[in-house]
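Everything on this sheet refers to the single structure shown next.
Since every read-out is calculated from the coordinates, none of them should be taken as a lab result. Bear in mind that the values here come from a model prediction, so they are computed numbers and not experimental data. Here the Cβ positions follow ideal geometry from the backbone for every residue, glycine too, while neighbour counts run over all protein chains shown.
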């Protein structure tokens, strides 16, 4: 008797469970698939979009441009909006992986600052609409470091052994070494790349770890004193730990732009346009920029930011400070060299 | 051979999820060209030639070394644990083995992440050490941390098979040994341990294989400073997009695992021969 009841209850629970799963799947609202960097959007913004347009957003994240590239090139994932950086957009255009954007459907495009339009990677903004921009620099904890850091070469100072965190990204970390040597970060000269490799091998014993997004936690919690980070992450980190300082190294650094693009095999192109337009709306762009800390290319949105962030020189530097910067170019076939160099750095004893 | 309905289902399952992927990996390994357009690929041994250069062999050597050491440590720690638990009273035994297994119900990544907070420079262990008046230690992001992660995560795979062999062991054999005048040590060395070898060997394979191919542990606890073969393979698939080279490395790793399994099973047979020779 007792057993029968347990059986019935189990069946009932099973029924409830399966009904809820099925009803979860049969959401008949249109779906928008987004593929973005980790920690790179205010989730609230996605909720607002879902409500206003009565759609469902499926949101996935990646860690590097190269991850994104492999996934898109492989096909079968059918994302509607993705967020590559400058050089990756250049490559995706060349390899015919993304489609032209119909700018007549994007009324808010006029909100974007002229400075961020028509850049080299996409000369007429036929394929990409700016999302965020920033720099790469050194962040350090002024309580744990006995002198101000000013240049990439400081990351090779033995005094800071075990305190330095580098990025676990071939391209970005090689760029640091190249800039330290005063070479272009877009160099195609193998000898220069070899020299950069030797620098990184020399530096390896001093490095605490090579990290991705975890670098934020490590620096905030003072696990390590010095890190290489993107400007927007620096803003977010400095909010959490007031002892942190962000500097643009003397040797020059990387200036980058991330943009929204629509892949060739997108399922819902119409909705993708609506989403891009939505993200350019000043109130939405401001809300988003306030949350993630990265720099918005939309002046009307910047006006809406908190004073603290608006006047933050890390997020919104004077453009005169940025003269000594370089934008990444598509390395195309050089990627194999990067890979070889990277492996050599980590297999050297 | 006639297969039941379930048998056919299993055969199809194996074909789809084991045979076909394996075939694809082998195909990619022996071809080169653009990874993304498979039809354009040509037969080539270039991937293997590329691997057998000092740089990659160094990584392979290091992976095998670390996996080997962690297997030995797992054995040295795991055997006594399995032995003690198997000798406990039936009621306690179940509780003990449950306590041992419960942590495995938690996600593997979470458990590994937990070590970050323990081993970090401002982590709990260093906090205790400094409280006691000692200098903080460098515990995280080195080979020792990677080894620790391997031992911690894979220890149950060593304990469980040994435990199961020890509990099933015929007690009358041990009693016979005592009756014949062997002391405890001799009984252990001559009877219990040889009889438990099948468990030890399956434990060894079950620890060695995941340890030699891991990339998560070396990435999280090694701070990406230590590259193991698993990291190299991951890098080819996720980052560089050279699936041919990544597949070739997977094949090479598989060959090494097969060799180690063949060695252990050969050893196993020899020993089994010995055991039956007892009779």
I need the shape label for region A:227-349. Rule: rounded when a/c is under 1.5, else prolate if a/b > b/c, else oblate, with a, b, c from the alpha carbon gyration tensor. oblate
Restricting the count to DSSP beta bridges whose residues both fall in the protein assembly as shown, what percent are antiparallel, rounded to a multiple of 5? 60
Rg (Å, one decimal) plus Dmax (Å, integer) for the alpha carbons of chain A? 22.8, 83
Give the order of B:72, B:16 when sorted by the count of other beta carbons within 10 angstrom, beginning with the fewest. B:16, B:72
Looking at the square roots a ≥ b ≥ c of the eigenvalues of the Cα gyration tensor of chain B, which shape do they give, rounded for a/c under 1.5, prolate if a/b is larger than b/c, or oblate? oblate
From fewest to most C-beta neighbours within 10 Å, the residues A:73, B:168, A:180 line up as B:168, A:73, A:180
Percent antiparallel among DSSP beta bridges (both partners in chain A, rounded to 5): 55
Would you mind giving the mean number of other chain beta-carbons within 10 Å of the Cβ of each residue in A:205-213, as a whole number? 4
Going by alpha carbons, how many degrees (0 to 90, nearest 10) lie between the helix axis of B:193-213 and the longest principal axis of chain B? 20
At 222 nm, what helix-only mean residue ellipticity would chain B give, in deg cm²/dmol to the nearest 500, using -39500 (n - 2.57) for each DSSP H run of four or more? -23000 deg cm²/dmol
Once you've got the GNM for chain A with C-alpha springs shorter than 10 Å, pick whichever of A:318, A:265, A:60 has the biggest mean-square fluctuation. A:318
For a quick protection proxy, order the peptides A:114-125, B:235-246 by their average other-Cβ count within 10 Å, most packed first. B:235-246, A:114-125
Identify which of B:220, B:155, B:127 has the largest mean-square fluctuation in a Gaussian network model of chain B, with springs joining Cα atoms closer than 10 Å. B:127
Compute the acute angle (0 to 90°) between the alpha-carbon long axis of helix A:170-180 and the principal axis of greatest extent of the alpha-carbon atoms of chain A; round to the nearest 10°. 20
Cα axis of helix B:243-277 to longest principal axis of chain B: angle in degrees, 0 to 90, nearest 10? 20
For peptide B:215-221, how many partner chain Cβ atoms fall within 10 Å of a residue's Cβ, on average? 1
Could you work out, residue by residue across B:53-60, how many beta carbons of other chains sit within 10 Å of that residue's beta carbon, and then give the average as an integer? 3
Counting other C-beta atoms within 10 Å, which of B:23, B:48, A:83, A:328 has the fewest, and how do the rest follow? B:23, B:48, A:328, A:83
Under the 7 Å Cα-to-Cβ spin-label approximation, residue A:198 and residue B:258 lie apart by a distance in nanometres of 4.3
